[in-house]
1. Find the accessible area per residue for the range 11-151; the probe is 1.4 Å, ligands and nucleic acids are left out, and the unit is Å².
2. Please give every one of the aspartates and glutamates within straight-line cross-link reach of Lys94, meaning a C-alpha to C-alpha distance under 16 Å, and leave out same-chain neighbours fewer than 8 residues apart.
3. I'd like the orientation of helix 114-124 relative to the chain: the angle between its Cα long axis and the longest Cα principal axis, in ° from 0 to 90, rounded to 10.
4. Amide H neighbours of Lys94 under 5 Å, at least 5 residues apart or on other chains, H built in the peptide plane: list them.
5. Convert each backbone phi in the range 35-43 into a coupling constant with the Karplus relation 6.51 cos²θ - 1.76 cosθ + 1.60 (shift: θ = phi - 60°), then list the ³J(HN,Hα) values in order as whole Hz, x for Gly and Pro.
6. Just want to confirm a number: the relative contact order over the range 2-80, from Cα pairs under 8 angstrom separated by 6+ residues, in percent.
7. What ranking, highest mean first, results for peptides 118-128, 87-97 when packing means the other Cβ atoms within 10 Å averaged over each residue?
8. Using helices alone, what [θ] at 222 nm do you get for the chain, with -39,500 (n - 2.57) per DSSP H run of 4 or more residues, divided over all residues and rounded to the nearest 500?
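The values are calculated or read from the model by the stated rules, or taken from the named source; none is laboratory data. Worth saying up front: this structure is predicted, and the values here are computed from it rather than measured. Here the Cβ positions follow ideal geometry from the backbone for every residue, glycine too, while neighbour counts run over all protein chains shown. The area values use the complete protein model at the heavy-atom level, side chains included, leaving out ligands, DNA and RNA. Shrake-Rupley method; radii C 1.70, N 1.55, O 1.52, S 1.80 Å.
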Amino acid sequence: MSKKMESTIRYNFFNSFQELSAEDQQLVLQAQEACKTSYSPYSNFTVGSAVLLQDGTVVPGSNQENAAYPDGLCAERVALFAIGALHPGKTILKMAVAARRANTELFLEASPCGSCRQVMLEFEGRQEPPIEMIVRWGQEGYVKLHSVSDLLPFNFSKVNL
Ligand code: THU
């Protein structure tokens, strides 16, 4: 007999920037600023991320594309791998991400891709506190997750090895 299973994810949706905490607002602004360093001539899809460490350091990231398309890397992983290399062992508190079309001020509705979710989960598994996430959702909205694991239910991680 099969058993019907269910999995839900928890997140908050904010309808305006003002509703975010001051710290979250700051991080979102830094993610938006990071869009300016995006190298995305092939997609014109500009993504910026900003990751806040426990010691107050903010590490930005942006998507970096390549003529050999699959060799590019997303903004989220650029920031996280930089932390792995430059701030090893430091605890990550939260990360923000924002995406907009190149040469416009129009922010899009875009949540992290599957590969970035897997990498976020690996970083979360290396520390005690969960990693919070703020995703800019279009022009007005913001999605807030209290753990990146909520982005990847029923996942594969080191506990499965
Ligand atoms: N991209 C990101 O930077 N983050 C995501 O989570 C989704 C996609 C980038 C990759 C590529 O440079 C462009 O957006 C279009 O897919």
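1. 48
2. Glu23, Asp24, Asp55, Glu76, Glu122, Glu124, Glu128, Glu132, Asp150
3. 70
4. Here Leu52, Glu132 satisfy the definition.
5. 3, 5, 9, 4, 10, 9, x, 8, 9
6. 22
7. My ranking of the peptides, most packed first, is 87-97, 118-128.
8. Result for the chain: -7000 deg cm²/dmol, rounded to the nearest 500.
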